[in-house]
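Let me begin by presenting the structure, written as structure tokens, before commenting on it.
The values are calculated or read from the model by the stated rules, or taken from the named source; none is laboratory data. For clarity, every value in this text was computed on a predicted model and none was experimentally measured. Note that we place each Cβ from the backbone using ideal geometry, even for glycine, and neighbour counts take in every protein chain shown. In case anyone asks, the SASA skips ligands and DNA or RNA and just uses the protein heavy atoms, side chains included. Shrake-Rupley method; radii C 1.70, N 1.55, O 1.52, S 1.80 Å.
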Amino acid sequence: MAERAWPRLAAWSEDPKSSAILTDIDGTLSPIAPTPAVAFVPDELKELLAKLHKKYLLVAGVSGRKTEEARELVGIEGITYFGNHGFEVMREDGEVEVIPEALPYMENIEELETLAREELAPLGAFVEEKGITASIHFRNVPPEVGEKCVAFAREHGERLGLRVTVGRGIVEARPPIKTDKGTAVRTLVEEHKPKRAMFLGDDTTDLDAFRELEKMRDEGTLEEILRVGVKSDEGPPEIVSEADIVADGVEGVGEVLRSLL
Ligand SMILES: [Mg+2]
């Protein structure tokens, strides 16, 4: 199946104004970097994306990163960026918009951030300015401060009606709404109404986009889909087993994008 799908890329290039190219950024357009801050997208890929943007109905980056950060990393103005775990979108005009369902929670997120700055920042925690989601980082502080951060976020998150998740060295609060790369992909497809849409991704969160594309094809919203899985040592096996096309790392993504031109 993976092999047979390659020729379909050439067919897409015949009808670009009915086709949408949606892509993850870190690990798909940019090689995995030791820290997110030093990640970069190779110039060759940037040029390909700029050309595709001119030719196709829609080119969009979909990322867990802050939307402005995603745009900075890809470095192309005028393409659409869906960022912050599906909570924000920057359309062609460059304005960042929070999805309407999340807006009512903005004040509560801000309240939690303000309290965290007062109570946790003096202990060494870092409260990241993230808009519609709040992140408290405690990687570089003593464990008891980390525990305090988690307890704080749980207590206030519950009071304020927010969803709290704990990761490695980080606790995050967000509106209790289902958003992921799948909801982002659906929003973009419903707005732009392509006949065909593809998603390129390398990691677990990208599987939500793959599966949503499949749903939209089965329900008739899309005529054709392509799931491009970027193979890596760290990625989940499903990114390959659920893909129509398997790209070998960021270089393989370059091959896919070239075939679309
Ligand atoms: Mg990725």
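Tell me whether region 177-191 contains one or more residues that are outside any helix (DSSP H, G or I), modelled with pLDDT under 95 and more than 24 Å from Pro104 (Cα to Cα). No: region 177-191 contains no residue that is outside any helix (DSSP H, G or I), modelled with pLDDT under 95 and more than 24 Å from Pro104 (Cα to Cα). Taking region 223-251 as the range and being of a type in the set (Lys, Arg) and crowded, with 19+ Cβ neighbours inside 10 Å as the test, only Arg227 passes. Residue check: Tyr81 meets all listed conditions (1) open to solvent by 40 Å² or more (accessible area, probe 1.4 Å); (2) part of a strand (DSSP E or B) but one, namely (1). Could you please let me know if Glu88 is open to solvent by 60 Å² or more (accessible area, probe 1.4 Å), in contact (Cβ under 8 Å) with a residue 40 or more places away in the chain and under 19 Å from Gly182 (Cβ atoms)? Against the criterion (open to solvent by 60 Å² or more (accessible area, probe 1.4 Å), in contact (Cβ under 8 Å) with a residue 40 or more places away in the chain and under 19 Å from Gly182 (Cβ atoms)), Glu88 does not qualify. Out of all the residues in region 210-217, is one or more part of a helix (DSSP H, G or I), in contact with a Lys or Arg (Cβ under 7 Å, 6 or more places away or on another chain), in contact (Cβ under 8 Å) with a residue 12 or more places away in the chain and not aliphatic (A, V, I, L, M)? Yes, that holds for at least one residue.
Within region 19-39, residues that are at pLDDT 85 or above sit with their Cβ atoms under 8 Å from residues that are of a type in the set (Gly, Ala, Ser) and in a helix (DSSP H, G or I), at 6+ positions apart or across chains, in these pairs: Leu22/Ala209; Asp24/Ala209; Ile25/Ala70; Pro31/Gly249.
For every residue, the table says whether it meets (1) part of a strand (DSSP E or B); (2) among the basic types (Lys, Arg); (3) open to solvent by less than 70 Å² (accessible area, probe 1.4 Å); (4) free of Cβ contacts under 8 Å to residues at least 60 places away in the same chain.
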site	(1), (2), (3), (4)
Tyr105	no, no, yes, no
Glu118	no, no, no, yes
Pro122	no, no, no, yes
Asn140	no, no, no, yes
Gly146	no, no, yes, yes
Cys149	no, no, yes, yes
Phe152	no, no, yes, yes
Glu172	yes, no, yes, yes
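Scoring Ala247 on the criteria (1) within 16 Å of the ligand (Cβ to nearest atom); (2) of a type outside the set (Asp, Glu); (3) within 18 Å of the chain's Cα centre (by Cα) leaves a single failure, condition (3).
For region 208-222, enumerate the residues that are open to solvent by less than 10 Å² (accessible area, probe 1.4 Å) and under 14 Å from the mean Cα position of the chain (by Cα). Of everything in region 208-222, those that are open to solvent by less than 10 Å² (accessible area, probe 1.4 Å) and under 14 Å from the mean Cα position of the chain (by Cα) turn out to be Ala209, Phe210. Every condition in (1) within 14 Å of the ligand (Cβ to nearest atom); (2) closer than 22 Å to Ala197 by Cα; (3) of a type outside the set (Gly, Ala, Ser) is met by Ile32 except one, and the failing one is (2). Given the structure, is Glu95 under 20 Å from the mean Cα position of the chain (by Cα) and open to solvent by 60 Å² or more (accessible area, probe 1.4 Å)? Considered against the rule, which asks whether it is under 20 Å from the mean Cα position of the chain (by Cα) and open to solvent by 60 Å² or more (accessible area, probe 1.4 Å), Glu95 comes out as yes.
For the residues Thr133, Thr179, Thr165, Thr205, the requirement of being within 16 Å of the ligand (Cβ to nearest atom) and among the hydroxyl-bearing types (Ser, Thr, Tyr) singles out Thr205. Based on what the data block shows, is Ile239 away from the ligand (no atom under 14 Å from the Cβ) and of a type in the set (Val, Ile, Thr)? Here the answer is no, as Ile239 does not meet what is asked. With respect to the stated conditions, Ile21 fails to be under 19 Å from Glu68 (Cα atoms), of a type in the set (A, V, I, L, M, F, W, C) and open to solvent by less than 50 Å² (accessible area, probe 1.4 Å). Return the residue satisfying two criteria in turn: it lies in region 48-75 and is within 16 Å of the ligand (Cβ to nearest atom) and not in a helix (DSSP H, G or I), and of such residues it is most open to solvent (accessible area, probe 1.4 Å). The selected residue is Lys66.
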